[in-house]
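The values are calculated or read from the model by the stated rules, or taken from the named source; none is laboratory data. Predicted model, so just to flag it, every value in this text is computed and none were measured. With ideal geometry, Cβ positions are generated from the backbone for all residues, glycine too; neighbour counts draw on all protein chains shown. What goes into the accessible areas is simple: the full protein's heavy atoms, side chains included, and nothing from ligands, DNA or RNA. Shrake-Rupley method; radii C 1.70, N 1.55, O 1.52, S 1.80 Å.
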Amino acid sequence: MSEDHRAGLLPSPPERDSTLAFLREGYDFISNRCNALGSDAFATRLMLRPVTCLRGAEAATMFYAPGRMSRRGAMPRSVVRLLQDHGSVQVLDGAAHRQRRALFLGAMTPERQGAARAFHAQELAAALDGPIPSPVRFDRLIEHVFCCTALRWSGIPCSQRSIYRRTQELVAMFASAGRIGPARLRAACLRERSERWARKEIAMARAEPAASGWLVDALIAHRDTDGAALDDRSAAVELLNVLRPIVAVSRFATYALHAMAVHPEAIEWLWSRGDEDAARAFGDEVRRLYPFFPVIGGTVRTPFTWRGLRFEAGEWLLLDLHGTCRDSAAWPEALRFDPARHLRGAGKGAMIPQGGGDMDTGHRCPGEPLTQALLTETVAFLSDAGLTLPDQDLSLPRNRFPPRPLDGLLVQRALPASDRAHG
């Protein structure tokens, strides 16, 4: 069945093309229409291209069935260029994807996660343990912390000047992927600069093994399904595909502090529990409820039927990640910030802030366990950091991907964290 006939079998919004509505409504675009149309699937057009939009745990299970979807042609080229780049693991399929993916999964062992947490705890203390007499932007400060963690964990030696430049570059990649105009052009320039740096690291390590850390060495040692090693450019792209997502967790860290400020009952719950499981649950609720990835796109690889609808090869689907995480069909009191729900095991099929499917063979983010580990460490630290927030605008724009609090989340503290106690 052609995509042009899909609108005859699924409800459609009134607009002929929904591009402007998507840009205007952002994270709420798919959910708004699902709610208005009384359906968790509808047909429309984006950028004049027919697309089926989906929401919910059942749709996610369908979307992430092994071998069903390809990422090729599923997202705008400008987004792919900034986030993953062409030829990276995310745009591979089948055996080639599994082979390349094994490289990333091998870097996420429990031992590596533990090392990352140890480095991160040190960087948090170095940046946030002293007095902060005047308000500073927490979002920028925490981005630097996560970049230091990422580089130390990867074993890549960097000067302070280099760390500053890497932070600029890596933040621009995920913060500007959904933007247009000057911000997008600036991010593209910073991406080019970052790739040049990464290629130099790869070339230096080839000439002098172990010169740039275990992660670079692993990239050099990797072989694809055809037995070929990664060339310098491909290895550089994949290096950034490890570092960038780690720095991107800084946005979840900003949201965690935001949640502590606007949901005081949740921080009281965290204090009353005071354990690792509570800190992890708090971080998971931040990932569930706060906006980060709005949607994921896929093009059909193998024709299939779902709910009586036939999807042919090449058709375009968009799954609402953010809306599925907030779907009342899976989450009781879905918009309530309730970390305890993750200790009860509710809504597991709809917990897809970083994608769904099988971790070993599918496209689910291989760094999700590391995200949880670093966010758990951050939540535990911030809960006792004694930071205060002066009057400011804490709004999060719903049409920026991903948004920052409008004033950057200003923080200050009169006393070092070691001299304070909650209560």
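Checking each residue in segment 344-370 for being buried (at least 22 other Cβ atoms within 10 Å of the Cβ) and β-branched (Val, Ile, Thr) picks out only Ile352.
Among the residues of segment 51-101, those identified as of a type in the set (D, E, K, R), at pLDDT 90 or above and touching a Ser or Thr at 6+ places or on another chain (Cβ under 9 Å) are Arg55, Arg68.
The set of residues in segment 12-49 that are in contact (Cβ under 8 Å) with a residue 12 or more places away in the chain, open to solvent by 40 Å² or more (accessible area, probe 1.4 Å) and in a loop (DSSP other than H, G, I, E, B) comprises Ser12, Glu15, Arg16, Asp17, Gly38, Asp40, Met47, Leu48.
Is it the case that Phe119 is of a type outside the set (A, V, I, L, M), touching a Ser or Thr at 6+ places or on another chain (Cβ under 6 Å) and either surrounded by 14 or more Cβ atoms within 10 Å (Cβ to Cβ) or part of a loop (DSSP other than H, G, I, E, B) (or both)? Against the criterion (of a type outside the set (A, V, I, L, M), touching a Ser or Thr at 6+ places or on another chain (Cβ under 6 Å) and either surrounded by 14 or more Cβ atoms within 10 Å (Cβ to Cβ) or part of a loop (DSSP other than H, G, I, E, B) (or both)), Phe119 qualifies.
Cβ separations smaller than 7 Å between residues 6+ apart or across chains give the following pairs from segment 294-313 residues that are over 30 Å from Arg179 (Cα atoms) to residues that are small (Gly, Ala, Ser) and loosely packed, with under 12 Cβ neighbours inside 10 Å: Thr302/Ala313; Pro303/Ala313. The condition (being closer than 30 Å to Asp393 by Cβ, open to solvent by 50 Å² or more (accessible area, probe 1.4 Å) and not small (Gly, Ala, Ser)) is satisfied by just one residue among Leu335, Leu270: Leu335.
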